[in-house]
Amino acid sequence: MATKNAEAYEAVSKKYEWGFATDIEQEFAPKGLSEDTVRYISAKKGEPEWMLDWRLKAFRLWQTMEAPDWAKLNVPPIDYQDAYYYAEPKQKKTIASLDELDPEIRRTYEKLGIPIEEQKLLAGVEGAEPPRRVAVDAVFDSVSVATTFRDELKRAGVIFLSISEAIREYPELVKKWLGRVVPQRDNYFATLNSAVFSDGTFVYVPEGVRCPMELSTYFRINAENTGQFERTLIVADKGAYVSYLEGCTAPMRDENQLHAAVVELVALDHAEIKYSTVQNWYPGDENGVGGIYNFVTKRALCQGRNSKVSWTQVETGSAITWKYPSCVLAGENSVGEFYSVAVTNNRQQADTGTKMIHLGKGSRSTIVSKGISAGRSDNTYRGLVRVGPTAENVRNFTQCDSLLLGDQCGAHTVPYIEVRNPSAQIEHEATTSKISEDQLFYAMSRGLDQEAAVALIVNGFAREVLQQLPMEFAVEAQKLLGISLEGSVG
Amino acid sequence: MVEALDLPTTRGENWRWADMPALQAARALRGEADLPDRLLKGAARLVFVDGQLAEHLSDVDALDITRTTLASDHPLAAHANGDAVALALAAQSVTALEVVRLTTGEGHAPLAITLAADAVLTLVETFAGAGWSNALTRFDLATGARAMRAVRVVQEAGFVSTRDEVRVGEAASFVSTALAATGAGVRFDAMLTLDGDGAFAEFGGALLTREDQRQECAVRVRHARPNGQSHQLWRAVAADRSTASLAAAVEVARDAQKTDGEQSLRGLLLQRTATVNLKPELEIFADDVKCAHGATVGELDRRALFYMESRGIPAPRAKALLTRAFVADALGRIADESVREQFEAAADAWLEQTL
């Protein structure tokens, strides 16, 4: 039975504007995956011996592991030997200032709306009061090409640099925390990442420091046949606060490319980390050709008392998404939050959600997940709320709403709730709906065309999550949700 | 020594909370089984002893009993595959039936019940004895047929596993309520297909666990045709070191527009060493449906307790009353009053011993 929504979802399908490729000279690791590849990457990065050993240990583990198959995803077999694990834009080894950056790369980021220049604002928020600044770490294929506002951050005591630099400059800090939250043997994709991770961001906010600006990493896959394996590690020391944004795009290609990232967050006593993602990897075309396979492990450890981690994600891209940003709430009265909007269209498949592991007394978590499915896509929320036996007075509230646009798509909800302490209060609610004819009719009778009406309703549906985003990203996210906003709707 | 069976492992998504070691251990148990009292007055009775139809204990003169062959690919039910008792209920007939499964060691009892158009069945199933009692029951409801079923486990030791495979036809109605309030390990496993326009299904019950027991339900309702309605209402009370797990899934096929699916899973923990697991799952492929689930775990409502105490009801009594009401939510769906009272009495007895 076709409904009006079938036409309506046209409004949400829009062209992938970020699908261009940049033609620059690049240097690749030899194709394929072996110990030599791992050694090559480590040598390229000039890493110390301990780091190479750490990678090799992970690689040996990975060879004994099997890819997980429990998600509601149809993943074609991946040939791990048919890809490059390292691609580096050829440029001067060290650049003295941002002006020396390859103009092609600079133009790429400009085209993406991410100016790698200090004192500039991100697109869409000019005139915001007070002016907001964002420090950007730009990762191009396997290498971080630029990090802005370094000096100013350094004055505040904040360490913000690419992880390969951090391994060289702050080996003790990295050694202490790397793999603490997501150990090498965690899961198939995290183990692969541990072996071959190329670049990513390292953030350390010292005790009592409130990071003076938003930090951001923009990931760009450019090269063909290349996997991207970034690793992000953020440590907020006692009483620190940091807000971190992550964005990503890739060119349109007919082949599938693998993206397997690991993100580790650590929040000590009274610290707070806010982590926002707008995931916009190339989703493939309407017949499901091409697109990124996005297998990501994100986990936060709320180790300290009253620590807080908030994950916000807007997932619109990738052919396949397998991603469960989680919180281990070990600290007393620690707080975990997960706000997610996942949009799937055409033949996209998303299996995403969160895990809230309550170990600390009085820990609380909130989960708000909004799934929007259109086309022939499948969109699954998969979540776990676990309360340990010693975690007294735990509270959790979970809300999972699904919106179906069209009658060829699927919306699924798979929540697990495992409770071992009677003082816990766990609530879970879920609904599934479509855009009602009444809503559409009303909006259109007020003069909106169908596209604008659908966009309005979809944005309203996702409002609770979009509100959580820093303003820079809220703008991008609303755009991504399929509105022809042209900068007018805020 | 009983040879080891090839059983599902907890690595499988549907067996994550299953207690297969308990099932394996149950197979070595031997015990006596007495025929429990009837719950339905004047009802026909089918009695199985260790999976075999015991004609001398049964009372089925009024019924049309034949044999058939059942085959299921469910990992536990598959052990009950083969020669089965078949019961066909004629169009517009009204039947009251008790099925008793007595087990003294290991019993696999396959049973097929077919309801012709507008037939009405009131059914009470009882599991008694010791060891591993494994049931495969296939229901087929034709247009307008109605089945009202209550399942109780009185078996004190061992393991009871049931697998129901139910087809609910157009405008037919299948209502099933289960109660497990004994020392046995339990897995209530069911697959219901709403295979006709406007079909209705209710599947629920209560699991009461204590000591080191583990009980679970794993129910999947598949809406294959439009305008169907399903409710899954389960309550779990876990005491001591026990685990009660409720997994309920609703699946809505592409064509099943205007489906109304509802799940309510609630767990109550009596001690900190107990565990309740819930998994209310939705799998939706149609866009004009109403599906909602609610799931909660926790302890008794403190405000309600305070209120009752302020009205002069002692704390233990207030707790018992509230727990009773919690369980009664699920048992209240049993249509036959005397059966419902017996089930409630069994739950009360359990609560009295445990609280």
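Hey, what do the phi angles of segment B:186-201 turn into as Karplus ³J(HN,Hα) couplings, whole Hz, using 6.51/-1.76/1.60 and θ = phi - 60°, x for Gly and Pro?
9, 9, 8, 10, 8, 10, 10, 10, 8, 9, x, 4, x, 6, 10, 9
Quick one: grab Rg to one decimal and Dmax as a whole number for segment B:156-201, Cα atoms only, in Å.
13.8, 42
Go through A:20-27, A:256-263, B:260-267 and give me the packing order, highest mean Cβ count within 10 Å leading.
Highest to lowest by the protection proxy: A:256-263, B:260-267, A:20-27.
When the Karplus curve 6.51 cos²θ - 1.76 cosθ + 1.60 is applied with θ = phi - 60°, which whole-Hz ³J(HN,Hα) does each residue of segment A:232-245 get, with x for Gly and Pro?
Rounded to whole hertz, the list is 10, 9, 10, 10, 10, 6, 3, x, 7, 9, 8, 10, 10, 10.
Counting partner chain Cβ atoms within 10 Å of every residue's Cβ in B:292-302, what's the average?
Details: counts 5, 8, 4, 9, 9, 14, 11, 5, 1, 0, 0.
Average per residue, whole number: 6.
Counting partner chain Cβ atoms within 10 Å of every residue's Cβ in A:372-379, what's the average?
Mean inter-chain Cβ contacts per residue within 10 Å come to 1.
With r as the distance between the Cβ atoms of A:Arg39 and A:Thr390 and R0 = 60 Å, compute the FRET efficiency 1/(1 + (r/R0)^6) and round to 0.05. Provide the component values of the computation, followed by the final result.
Numbers: r = 44 Å, r/R0 = 0.73.
E(calc), rounded to 0.05, equals 0.85.
Pull out a ≥ b ≥ c, the square roots of the eigenvalues of the alpha-carbon gyration tensor of chain B, then state rounded if a/c is under 1.5, prolate if not and a/b is larger than b/c, and oblate in the remaining case. Walk me through the numbers on the way to the answer.
Numbers: a/c = 1.41, a/b = 1.15, b/c = 1.23.
Rounded is the answer for chain B, as its axis ratio a/c remains below 1.5.
Just how much of A:Tyr170 is accessible, in Å², when a 1.4 Å probe is used and the result is rounded to the nearest 10?
In the full protein context, A:Tyr170 sits at about 60 Å².
Under the definition of partner shielding as Cβ atoms of other protein chains within 10 Å of a residue Cβ, what is the mean value for peptide B:249-258? Could the numbers behind the result be given before it?
Working: counts 3, 2, 2, 3, 0, 5, 2, 1, 3, 1.
Partner-chain Cβ atoms within 10 Å, mean over residues of B:249-258: 2.
In debye, nearest 20, what is the charge dipole magnitude of segment A:5-480 about its Cα centre with +1 on Lys and Arg Cβ and -1 on Asp and Glu Cβ, if you could check?
1360
May I ask you to derive the FRET efficiency for A:Ser445 and B:Asp301 from their Cβ-Cβ distance with R0 = 41 Å, giving the value to the nearest 0.05?
0.35
Would you pull out the residues with amide H under 5 Å of B:Glu106's amide H, same chain only if 5 or more places away, H placed 1.01 Å from N?
Counting only residues 5 or more places away or on other chains, the set is B:Trp132.
Mean separation of Cα pairs under 8 Å and 6+ residues apart, divided by the residue count of chain B: what relative contact order is that in percent?
On the way: 1047 pairs, mean separation 39.4, N = 355.
With pairs under 8 Å counted, the relative contact order is 11 percent.
For the ranges A:49-55, A:363-369, what's the packing order if you count other beta-carbon atoms within 10 Å of each residue, average per peptide, and put the highest first?
Final packing ranking: A:363-369, A:49-55.
Just check segment A:260-398 against the gyration tensor rule for me: Cα atoms, a ≥ b ≥ c as the square roots of the eigenvalues, rounded for a/c under 1.5, and otherwise prolate or oblate depending on whether a/b exceeds b/c.
prolate
If one computes the Cα centroid of segment A:25-81 and of segment B:3-27, what distance in Å separates the two points?
Answer, in whole Å: 36.
Using a ≥ b ≥ c from the Cα gyration tensor of segment A:5-480 (square roots of the eigenvalues), is it rounded, prolate or oblate, where a/c under 1.5 gives rounded and otherwise the larger of a/b and b/c decides, a/b for prolate? Before the final figure, lay out the partial values.
On the way: a/c = 1.36, a/b = 1.15, b/c = 1.17.
Taking the square roots of the gyration eigenvalues as a ≥ b ≥ c, segment A:5-480 is rounded.
Could you tell me the relative contact order of chain A? Use alpha-carbon pairs under 8 Å, at least six residues apart, and round to a whole percent.
Relative contact order, chain A: 12 percent.
Might you work out the accessible area of B:Tyr307 for me, using a 1.4 Å probe with all protein chains in place, and round it to the nearest 10 Å²?
130
Quickly rank B:219-231, A:309-321 as a protection proxy: mean count of other C-beta atoms within 10 Å, highest first.
Top to bottom by mean Cβ count within 10 Å: A:309-321, B:219-231.
Determine the dipole magnitude for segment B:158-296: charges of +1 sit on the beta-carbon of Lys and Arg, -1 on that of Asp and Glu, nothing else is charged, the reference point is the Cα centre, and the result goes in debye to the nearest 20.
Using Cβ point charges on Lys, Arg, Asp and Glu, segment B:158-296 gives about 500 debye.
Give a quick list of GluC sites (Glu not before Pro) in segment B:115-165 that DSSP marks as loop, anything other than H, G, I, E or B, with at most 16 other Cβ atoms within 10 Å.
Details: sites: B:Glu125, B:Glu156, B:Glu165; in loops: B:Glu156.
Within segment B:115-165, the qualifying GluC sites (Glu not before Pro) (loop, at most 16 other Cβ atoms within 10 Å) are B:Glu156.
Taking the Cα centre of segment B:13-354 as origin, work out the dipole magnitude from +1 charges on Lys and Arg Cβ and -1 charges on Asp and Glu Cβ, in debye rounded to 20.
880
Between B:Ala71 and B:Gln353, 0.36 nm times their residue separation minus their Cα-Cα distance comes to what?
97.5 nm
Anything in chain B that counts as a DSSP H helix reaching 20 Å or more along its axis (C-alpha) with Kyte-Doolittle mean of at least -1.0? List them, would you?
Working: long enough: B:315-331 (24 Å, 0.62); B:337-354 (25 Å, -0.74).
For chain B, where a helix must reach 20 Å along its axis and average at least -1.0, the hits are B:315-331, B:337-354.
Hey, if you put +1 on the Cβ of every Lys and Arg and -1 on every Asp and Glu Cβ in segment A:173-279, which of A:Ile273, A:Tyr218, A:Val181 ends up farthest toward the positive end of that dipole?
Among A:Ile273, A:Tyr218, A:Val181, the one farthest towards the positive end of the dipole of segment A:173-279 is A:Val181.
Quick one: of the DSSP bridges fully inside chain A, what percent are antiparallel, nearest 5?
Of the beta bridges lying entirely in chain A, close to 10 percent run antiparallel.
In a shell of Cβ-Cβ distance under 13 Å around B:Asp61, excluding B:Asp61 itself, what net charge do Lys and Arg (+1) and Asp and Glu (-1) give?
Computed value for this residue: -2.
The values are calculated or read from the model by the stated rules, or taken from the named source; none is laboratory data. Computed from a prediction, not measured in an experiment: that's the story for all the values here. FYI the Cβ positions are ideal-geometry reconstructions off the backbone, even for glycines, and counts take in every protein chain you see. Side chains are part of the model used for accessible areas, which takes the heavy atoms of the whole protein and leaves out ligands, DNA and RNA. Shrake-Rupley method; radii C 1.70, N 1.55, O 1.52, S 1.80 Å.
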